[in-house]
Amino acid sequence: MGTGDRVTSVLDASLADTAARIAAKEVTSVEVTKACLARIAEIDGKVKAFLRVDAEGALREAAAADASSPRGPLHGVPVALKDNINTAGLETTAGSRILKGFVPLHDATVTARLRAAGAVVLGKTNLDEFAMGSSTENSGYQLTHNPYSLECTPGGSSGGSAAAVASGQVFGALGSDTGGSIRQPASLCNVVGLKPTWGRVSRSGVIAYASSLDQVGPLARTVRDAALLLQAISGKDPHDATSASRAVPSFTEALDGGVKGLRIGLPREYFVEGMEPEVAAAIREAAETLRAAGAVVEDVSLPHTRYAMAAYYLIATGEASSNLARYDGVRFGHRAADAKNLREVYDRSRAEGFGAEVKRRIMLGTFALSAGYHDAYYVKAQRVRTLIARDFEAVFQKVDVVLSAASPACAWKLGEKLEDPLAMYLMDVLTLPTNLAGLPGISVPTAKSSAGLPIGAQLLGRPFDEVTVLRAARALERERSLSDWRPNV
Amino acid sequence: MKLDLAQVRHVAKLARLSLTPEEESKLVTQLSVVLDAVDTLAALDTQDVPPTTFAVTEGGGAVRVDEARDELSVESVLKNAPEKSGDSFTIPQVLDGNG
């Protein structure tokens, strides 16, 4: 066996198996970490998933892991973090020029929890600036390419995390999901991506976009790997008053329980106009697969779905305009040179530091909250949010899980929708209602298009019922066997 | 609804963003397109529907006890400052003249 084969076999293993092999001392964390670094050196010049690779820090952590008794279920396993998640001492930019050079004083709670579970932080992945986008093209630094077709987008905004995991550069990663930013890139890159219930995971130390919608969650190659990562980061955090205090169940215990008798709803409104026929067909096939495995599948209705996008963009941008007010060039981040007065420091630092999409969303949000428009736009959107949440409540009286596509389209060509914000916003139409309702959702690979592009199925559940969502996803994963389909980068 | 140039300039002022003329005119078009799309909400009768801030209330609205903690030193707080002097952030002069 040559070194190359050894590297490949190390990287082909799942996160769960890798953790088990490190714990059993069949392989060392240093060996695994070096394999990841070699893979990054080999292909990330083409994929460009990472904004920053902390080789020195990762190897130091790996050596420490090898020298210690197992610290937790992720002992010695390299992971990556979306670059809006703080890492103490390691530059964190949220993909924005305004935060170039920003070095956090603390780890985010999720970072600290991954480390406490034994994980090795390998580096920071690319994203749309401040997580605002659906293609990762709004990054202030670089374009990330879809490993399954380098001329295509990996999706976004957690496109770097999805592409890094899909191309075998790392075993798992964290992303954030405000309107679909974990599930949509997972769908486009043939990986599993889970957005937990709002409140399940702490956001302390995660750079805020829209606080009533943001959630952090895992991207991984298998459902079990995603469950392990979720386990490590879940639970009440004294540093985040919005984290929920309810007990965290085991996410792996019932994973292979199957779907016999599980009631699955197929919302007719989620077969949207303009959806790629192959995607719609793949979802109907996924429904048949689950039915054959014992689930009871029925059509359901979420009647206010077509209003979700409008409500989402008013609420998300309103919150963003407020959250991003902190970038004023005074305490951290970019400051414009030679500003004559304080007002100029604000106006010019922000103008120079923010990219076009972030400016567009700050403008829309500021407008929606401004005197004279607040009730007609922002409060109206919050009322519609109530209707969308009620739709889900009614449907979850009848079914246990809702099944749909995560994205209405397969990966599209880089640049294709960049000048048309509305067309880009439509790419989130199947994921963003979940954020408005605060529910858990997962995207799991379900098909390969005729052009060789991945298609993901989205499964949604009741609040705090990630266990059922994961179990249904695992059942689909087992039947579809797509986790061994790797890109040829 | 459509936004005109004056409205875009007003919102930019509220948002503390200095925009170029090109950015202004692009935003007039793009924000108008987006606002036209969100105007679909007007068709919904929501008079008797309460607004939702947090859909899952378990995490929302909680407050912790307001107590002082020793978490950050002055030195660390100033670490990422673009300009500082001694124990302070520095900014350009705010008041004119001899005040």
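The values are calculated or read from the model by the stated rules, or taken from the named source; none is laboratory data. Because the structure is a prediction, the values reported are computed rather than measured. For neighbour counting, all protein chains shown are included, and Cβ atoms are generated from backbone atoms with ideal geometry for every residue, glycine included. Just the protein is used for accessible areas: all its heavy atoms, side chains included, with ligands, DNA and RNA removed. Shrake-Rupley method; radii C 1.70, N 1.55, O 1.52, S 1.80 Å.
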Worksheet item: What figure in square angstrom, to the nearest 10, would you give for the accessible area of A:S301 with a 1.4 Å probe?
Response: 40 Å²
Worksheet item: What is the distance, in nm, between label points placed 7 Å from the Cα along the Cα-to-Cβ direction at B:A37 and at A:A20?
Response: 4.5 nm
Worksheet, complete the sentence: Straight-line reach check, A:K195, cutoff 13 Å on alpha carbons, 8 or more apart in-chain or any other chain, hits among aspartates and glutamates -> A:D177, A:D214, A:D465, A:E466
Worksheet item: With every protein chain kept in the model, how would you rank A:E357, A:E285 by accessible area, 1.4 Å probe, largest at the top?
Response: A:E285, A:E357
Fill in: Value at 222 nm in deg cm²/dmol, rounded to 500, when DSSP H runs of n ≥ 4 in the protein assembly as shown each add -39,500 (n - 2.57)
-11500 deg cm²/dmol
Discussion item. Using a 10 Å cut-off around each Cβ of peptide A:94-104, what is the average number of partner chain Cβ atoms that fall inside?
Written reply: 1
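Can you give the % of DSSP beta bridges in the protein assembly as shown that are antiparallel, to the nearest 5?
Here the antiparallel bridges make up roughly 70 percent for the protein assembly as shown.
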Worksheet item: How many nm is it between the label spots at A:A88 and B:L72, if each spot is 7 Å from the Cα in line with the beta carbon?
Response: 1.5 nm
Discussion item. Compute the angle between helix B:5-14 and the longest alpha-carbon principal axis of chain B, please, reported from 0 to 90 degrees and rounded to the nearest 10.
Written reply: 30 degrees
Worksheet entry | Shielding by partners - mean other protein chain Cβ count within 10 Å, residues of A:473-480 | 0
Item to complete: Summarise the partner chain shielding of B:78-87 as one whole number: the mean count of Cβ atoms from other chains within 10 Å of each residue's Cβ.
Response: 4
Worksheet item: Using a probe radius of 1.4 Å on protein heavy atoms only, what is the accessible area buried between chains A and B, both sides summed, to the nearest 100 Å²?
Response: 5400 Å²
Fill in: Computed accessible area, A:F392, all protein chains, 1.4 angstrom probe, square angstrom
10 Å²
Worksheet item: Ordering A:L436, B:L19 by how much accessible area each has at a 1.4 Å probe, largest first, what is the list?
Response: B:L19, A:L436
Worksheet item: Tell me, what HN-Hα J-couplings in whole Hz come from the Karplus equation 6.51 cos²θ - 1.76 cosθ + 1.60 at θ = phi - 60° for each residue of region A:80-87, using x for Gly and Pro?
Response: 10, 10, 4, 7, 9, 10, 5, 10
Fill in: Charge dipole magnitude, Cβ of K and R +1, D and E -1 - the protein assembly as shown, Cα centre, debye nearest 20
480 debye
Practice prompt. Could you calculate the contour length gain from A:V103 to A:R306, that is, 0.36 nm times the residue separation minus the distance between their Cα atoms, to one decimal place in nm?
Written response: 69.0 nm
Worksheet item: To the nearest 0.05, what FRET efficiency results for A:K260 and A:W485 with a Förster distance of 35 Å applied to their C-beta separation?
Response: 0.85
Worksheet, complete the sentence: Among A:A226, A:L99, A:P421, the residue whose Cα sits farthest towards the positive end of the charge dipole of chain A (+1 at Cβ of Lys and Arg, -1 at Cβ of Asp and Glu, taken about the Cα centre) is A:L99
Practice prompt. Please list A:E273, A:E319, B:E67, A:E91 in order of solvent-accessible area, largest first, computed with a 1.4 Å probe with all protein chains present.
Written response: A:E273, B:E67, A:E91, A:E319
Worksheet item: Probe 1.4 Å, all protein chains in place: accessible area of B:S76 in Å², nearest 10?
Response: 30 Å²
Worksheet item: Taking θ as phi - 60°, what are the ³J(HN,Hα) couplings along region A:447-464 by the Karplus curve (6.51, -1.76, 1.60), each to the nearest whole Hz, with x for Gly and Pro?
Response: 7, 10, 6, 5, 8, x, 10, x, 10, x, 9, 9, 10, 10, x, 5, x, 6
Worksheet item: Listed here are the pairs A:K82/B:K84; A:K82/A:K359; A:K46/A:K124; A:K413/B:K2; A:K413/A:K448; A:K34/A:K124; which of them are more than 19 Å apart at the Cα?
Response: A:K82/B:K84; A:K82/A:K359; A:K413/B:K2
Worksheet entry | For chain B, with +1 on Lys and Arg beta carbons and -1 on Asp and Glu, the positive-most of B:A15, B:T29, B:A68 along the dipole | B:T29
Worksheet entry | Exposed trypsin sites (Lys or Arg not before Pro) absent - longest run of chain A, DSSP non-H/G/I/E/B, at most 11 other C-beta within 10 Å | A:26-259
